[in-house]
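Below: one structure, written as structure tokens.
The values are calculated or read from the model by the stated rules, or taken from the named source; none is laboratory data. All of these numbers come straight from a predicted model, not from anything done at the bench. Methodologically, a virtual Cβ is constructed for each residue, glycine included, from the backbone with ideal geometry; neighbour enumeration extends over all protein chains shown.
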Amino acid sequence: MDRIPTSTRATEVTVKRSRFIATAAPAADRDAALAAVEAARAAHPDARHHCWAWQGRNSAGSSDDGEPAGTAGRPILGVIGHKALVDAVVVVSRYFGGIKLGAGGLVRAYAGAAEAVLADLPSAALQAMIEHSVSMDFADEQPLRHWLAGQSDVALTSIDYGSGVTARVRLPATLQDDFAAWCAARGVVQGPNGAD
């Protein structure tokens, strides 16, 4: 089962006098990943390279940032995948130590730095999410909002007004039965739903 990071971690690895400072962080989308890269650049402005990889739920990205092609970003991404992490970014900032590592040495160094930072990164199981469409009377909208406010990881994704109220609600699959019971008790009608 995929896992998502719950906090940010950093660690440093030295390989033949080159310093590799790896930072791992949650990143729900590519923009968040790129923001983490920029934060690493700001934190380590004298580093020669800021190589990174990001794994989202349905897409991924990486950069060798001037290192030979395939020697940094892809190895970092491989470690993230091996750890079954999603919504995660790892940035490795390298201070060159004066000794060339060669392509194989770079792959090992970047993968090793990623492995080191991810070894103790706190994470949580990714929850399956369900989206429900519900139809209700106007009087039920505020109680629905109140019920949602009392739950974790839920969202009211859309709401439309006509002769009544139609809303789309996104919630963890673990809350599906509770939500169905709440709807049944209030006479709220559920429509088709989907999972991801």
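Take V15 and tell me if it is touching a helix residue (DSSP H, G or I) at 6+ places or on another chain (Cβ under 8 Å), touching a residue at least 40 places away in the same chain (Cβ under 8 Å) and more than 19 Å from P122 (Cβ to Cβ).
So V15 passes the test.
Considering each of A69, A84 in turn, give the residue that is surrounded by fewer than 20 Cβ atoms within 10 Å (Cβ to Cβ), over 19 Å from K16 (Cβ atoms) and in contact (Cβ under 8 Å) with a residue 40 or more places away in the chain. Break it down stepwise before answering.
Details: A69 fails: in contact (Cβ under 8 Å) with a residue 40 or more places away in the chain.
Going through A69, A84 in turn, the sole match is A84.
Yes/no matrix, rows are residues, columns are (1) in contact with a helix residue (DSSP H, G or I) (Cβ under 9 Å, 6 or more places away or on another chain); (2) part of a helix (DSSP H, G or I):
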| position | (1), (2) |
| --- | --- |
| D140 | yes, yes |
| L156 | yes, no |
| T166 | no, no |
| L171 | yes, no |
| D177 | no, yes |
| A184 | no, yes |
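Scan segment 33-76 residue by residue and report those that are aliphatic (A, V, I, L, M), out of contact with any Asp or Glu (no Cβ under 7 Å at 6 or more places or on another chain) and within 13 Å of A113 (Cβ to Cβ).
If the condition is that a residue be aliphatic (A, V, I, L, M), out of contact with any Asp or Glu (no Cβ under 7 Å at 6 or more places or on another chain) and within 13 Å of A113 (Cβ to Cβ), then A40, A47, A53, I76 are the ones that fit.
Just checking, how many residues over segment 2-24 are out of contact with any strand residue (DSSP E or B) (no Cβ under 8 Å at 6 or more places or on another chain) and not basic (K, R)? If you could, list the steps in order and put the result at the bottom.
Initially, segment 2-24 is screened for residues out of contact with any strand residue (DSSP E or B) (no Cβ under 8 Å at 6 or more places or on another chain), giving 15-17.
Retained after the next criterion (residues that are not basic (K, R)): 15.
Number of matching residues: 1.
Looking at the structure I just gave you, is L144 buried (at least 18 other Cβ atoms within 10 Å of the Cβ), over 20 Å from G78 (Cα atoms), within 20 Å of the chain's Cα centre (by Cα) and not charged (D, E, K, R)?
No, not satisfied.
Looking at (1) part of a strand (DSSP E or B); (2) hydrophobic (A, V, I, L, M, F, W, C); (3) closer than 20 Å to D2 by Cα; (4) at pLDDT 95 or above, which is the only condition I130 fails?
(4)
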